[in-house]
Structures are given as C-alpha cells and as structure tokens.
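Please read the structure below before turning to the comments.
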Amino acid sequence: MRIVSFGGPGGEQPGVLVDDHTILPLAPVLAPLGLPGTDTTHLLALWPTVRPLVAAALHDARHHIARANVRLGPPVPRPGKVIAVGFNYPMHSDAVLGHQTAPTEPVLFLKPPGSVCGPYDPLIKPPETTALDYELELAVVIGRAGRRIAPADALAHVAGHMIANDVTARDVALGAGLHSPLQMQLVRGKGFPSFCATGPWLLMRDEHDERPDSEPLNLRLSVNGQARQDGWSSDMLFDVPALIASISDTMDLLPGDVILTGTPGGCGFELDPPAYLVEGDEIRGSITGLGELRQRVTDEDTALYGTTTTTTRTLS
C-alpha cells in the first residue's frame, strides 16, 4: 500500500494511492469510526488496526480524487525527527574523508523537521550558499516505537520506505574549515527549508514482501538529464537493521520518525570540476519501487518575490 499526503503546505492530509492516478483520502474513511484520519503520524502508530479498514475502502469510488488535481506533500509531513546517517556508502565516504578507515558505527546527525518538503516542491536555494548539492537517499519511516532495539527485531519497527533528497549547502556546512571552532555546521548546511524532499509515496512494508529489506535497490539521480548518482542499497556499510539498532541505543524511535540511510557516490562536490546546483536545474531521483522525486532549483528571492511559488505543479 502506498501512503501519500495531499493539500497545501502545512495543511496536508493522508491518503492512499488506489492506482497511479487516483487517491483515496483517509479522513472520510476513518472519521466515522472515531479514528484520526488527518494526521499521518497517528495513522502510522495505528496502522495494524487501520490497514484492514483502508484495504476494504480502496475501491469505494465515492471519495476518490484525481492525483493530478492536488499537490502531493511529503508522505510524512510532520515527522518528530529526521535522523540522517553520514558516510554509509564507501564511495561517498572516501570522497569526503579520503581513504581512511571506514566508520565502525553509524555517524548520525539531525535535520530539522522544517526542512521537509514534497516530492515536486521546488528546492529553494538560499543566498548563503554557492555550493548547493544533492544526496539521494533511501528513507526509512518508523511505525512502532522502541528503544534499544535488537537488530533481529528492527524491521518490525519499520512502517515503510520512501525516497529522500538530503540537500546540503556544502560551503555552509564545511566552509569554516576543520581548524575553525565553527567547523562542522551540519545543521545549518542541511537544515534550510526544502532541504529534505521526500516522496512521492511511502511504500508500506506489509505490501511488498519486504523487498527494500531483502533485495538491493537501485538509487539513481540526474541533473538536467545528466546521470549523476547510480548506486545500490546493498553497498551500505550499515544496513537498515543495524542502523535502527544503533540509533535506538541513543534515542527513542517513535512513529513518524524518518531515518535517512546515506547516499551513494556521485554528488556534485565529487565531480571534477565540482558541479553544484543553480537556479533552473531539474533534479530527478528514483529508487526501485518507490517512484520518482522531481524538483526544480529556485533562488530564494525568486520564490519569495518572483513569479515562482513554493508549490509548483510544473514537474508533477
């Protein structure tokens, strides 16, 4: 089952894709039963109870709406936290760290929930950066709370998987240099609004024979039609169970939390010469079975004061 959100920024509500062109809103299905149908986080927490009801309502066309007529937001519009994993693919790790010893445990940082946006929303380029970069990632969404979760039990806590673009302003994140007391400004460099596009849908684990957990997934990203990233989830240094176990040693994992599992090689800073994103660039990112995310880079001044708005349908 593919969970989506639809509606204006900040006012999204959850739905389910009946097919590639049709959405079943969940509010009218669940409200008569006294169940919350407007908050995705609550929906994920109740999914074992809610799923049979949703499945039974899928072919009731009374509430169907056309996907083309609405904005798709991030599948989880208001995550409690977004936990990102650094250096989890060897090629990307080598590009950043050089050929040092690989990390012996996952390297974690947090992205602000306010950086999350929809799969077709523009990527807003802030004036503070001239080194805007992409990072295509497999995102894991938590459906069941836990702390100190054993690797063998980890997948039981996963609601599903989706695409994410962990955008980075590299000059903001690292521009001060490692000898400066400011050093690694990852929250600043990765935390601007629109720096965490997700979607177009959240593929629930109970509907795909656990493929994102058991088979390699191909991650591909292009800029203006030029292939940039082409990697496989099987190349991760730490797989999803290992990541969940490690993260949950440090913090509670709650329904709706999002884990970004790292990016393969091919980011703009790795190219010779580096190729950073500029206004007008079109990004397309896909992962096996999870659809395609499409964004247009828009300067912040254009988004705020020009003709381009922060919710565009030109790429959807």
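The values are calculated or read from the model by the stated rules, or taken from the named source; none is laboratory data. Nothing here was measured: the structure is a model prediction, and the numbers come from that model. Counting neighbours? That spans all protein chains shown, and the Cβs are built from the backbone with ideal geometry, glycine included.
Results, tabulated for the structure shown:
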read-out	value
Check on G7, in contact (Cβ under 8 Å) with a residue 40 or more places away in the chain, at positive phi and not assigned by TED's automatic domain parsing to the domain that holds G289	yes
Test result for L35, surrounded by fewer than 17 Cβ atoms within 10 Å (Cβ to Cβ), part of a loop (DSSP other than H, G, I, E, B) and more than 21 Å from the chain's Cα centre (by Cα)	yes
Meets criteria (at pLDDT 95 or above and under 19 Å from M1 (Cβ atoms)) for D60	no
Residues located in segment 232-249, provided they are assigned to a helix (DSSP H, G or I) and within 18 Å of A159 (Cβ to Cβ)	S233, V240, P241, L243, I244, A245, I247, S248
Residue list for segment 234-282, filter: under 17 Å from the mean Cα position of the chain (by Cα) and within 20 Å of T129 (Cα to Cα)	C267
Residues located in segment 38-58, provided they are within 19 Å of G73 (Cα to Cα) and either in contact with a Phe, Trp or Tyr (Cβ under 7 Å, 6 or more places away or on another chain) or not in a helix (DSSP H, G or I) (or both)	T38, D39
Odd one out for P25, checked against (1) touching a residue at least 12 places away in the same chain (Cβ under 8 Å); (2) within 21 Å of A197 (Cβ to Cβ)	(2)
Some residue of segment 201-222 being assigned to a loop (DSSP other than H, G, I, E, B), of a type in the set (S, T, N, Q) and out of contact with any Leu (no Cβ under 6 Å at 6 or more places or on another chain)	no
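Per-residue answers, yes or no, for (1) under 28 Å from T40 (Cβ atoms); (2) β-branched (V, I, T); (3) buried (at least 24 other Cβ atoms within 10 Å of the Cβ):
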site	(1), (2), (3)
Q226	no, no, no
D230	no, no, no
D235	no, no, no
V240	yes, yes, no
A245	yes, no, no
P255	yes, no, no
T263	yes, yes, yes
V278	no, yes, no
